[in-house]
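> One structure, as structure tokens, below. Some questions next.
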């Protein structure tokens, strides 16, 4: 996992973060045990990672947060995905009229804007899950996790893939029932192995990676574990990790299994993301690493090996961009601004979608290079002309507000605001160009 240095392209940051899961019910569901009985509960979870996590973090608080994430009233949906779907729907006329978009691209926006109003089945699913939550948390009824699981499975029978993912995660975590984890992985694998979900953000990637890495619910297979772990690492988002468990699990797989030969710094980064005030396990993992003999300034792989790996996957421009980020880290011994900029320019030459924007911001801020706002403005213009709306927003900000070495220019600001707004509308984001500070809300970590 790389440190996120700069704001991502607005369009990729937004739509990657809200990309909908595809319907996995076209795939045959596993033979799920219809009633999950709790006859011989054990006071502790014995499975690696889950054991440390739940011995320090209670299962009740974990379940509470999980419900907050998965239980949405379909008649009062305030989710981010619906908000953006409605925004796209409002801008479909401009998208349809665009001459710079292919029919395939337009169809993607049409699909995103297709807001299906809740029907009776959606409401029944919600009622099942709402009742399940009450039994699970003991709200007004006697606490009964077995009954809660049965109700979630009934929601699965009604066609809810949210319920399917929820029950898969629950049976992975429920203390004393490690024999159910195979069923949990069966469910989560339906999502991970469905080709239509190849680029979707979801919790299932990390859980399936874990199952193969530790031989839990699946025969141990480090090659398969790595395949799923890479997906989880690339698509990780805190939006799908409200409990912090996924980040904790990803860090443990790096530390315990040397996953993908990632440097120990990456385990620390995951632990830090996970270490909220309620996650004692992640807090202790951070302290343990800080008190260890491991040197965090050293990388455990050579740049040449990293390049070879990416070239083999035909992703040279991504490799150059990543190397640029690695050499930009001041806390590491390999810090080298010249190498960082050289690799960034190679990524630009190969057409990397964010590299040019990064270089422009470097020149504006004096990061890795001598500050040169005038050069930054020219690079912003070039990036905008290549279709990056974020570059337009930052260019307008520079002309409107100026800087220590760059005089504000209202005339140029007006010209470039018009051009940036036109692109913004054409891409379906609306009529009003955001302020530069607002786009930081769309940052994502990769």
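The values are calculated or read from the model by the stated rules, or taken from the named source; none is laboratory data. Only a predicted model underlies this, so the values are computations on that prediction, with no experimental measurement involved. Reconstructed Cβ throughout: ideal geometry from the backbone, glycine too, with neighbour counts over all protein chains shown.
> Tell me which residues, restricted to region 238-259, are out of contact with any helix residue (DSSP H, G or I) (no Cβ under 6 Å at 6 or more places or on another chain) and not in a helix (DSSP H, G or I).
If the condition is that a residue be out of contact with any helix residue (DSSP H, G or I) (no Cβ under 6 Å at 6 or more places or on another chain) and not in a helix (DSSP H, G or I), then 258 is the only one that fits.
> Scan region 61-81 for residues that are surrounded by fewer than 12 Cβ atoms within 10 Å (Cβ to Cβ) and either in contact with a helix residue (DSSP H, G or I) (Cβ under 8 Å, 6 or more places away or on another chain) or at pLDDT 90 or above (or both) and report the count.
Adding up the residues that qualify gives 2.
> Let me ask another. Within region 331-351, how many residues turn out to be buried (at least 20 other Cβ atoms within 10 Å of the Cβ) and within 25 Å of the chain's Cα centre (by Cα)?
3
> Count, please, the residues in region 379-402 that happen to be closer than 21 Å to residue 349 by Cα and not in a helix (DSSP H, G or I). First the steps, then the outcome.
Here is the first cut: in region 379-402, the ones closer than 21 Å to residue 349 by Cα are 379-392.
With the extra rule that they be not in a helix (DSSP H, G or I), the set shrinks to 386-388.
Of the residues in that region, 3 qualify.
> In region 258-289, which residues are closer than 20 Å to residue 222 by Cβ, modelled with pLDDT of 85 or more and surrounded by 18 or more Cβ atoms within 10 Å (Cβ to Cβ)?
Selection gives 259, 262, 266, 267, 270.
> Continuing with this model, one more query. Confirm whether residue 92 is surrounded by 16 or more Cβ atoms within 10 Å (Cβ to Cβ) and either under 24 Å from the mean Cα position of the chain (by Cα) or in contact (Cβ under 8 Å) with a residue 24 or more places away in the chain (or both).
Criteria not met by residue 92.
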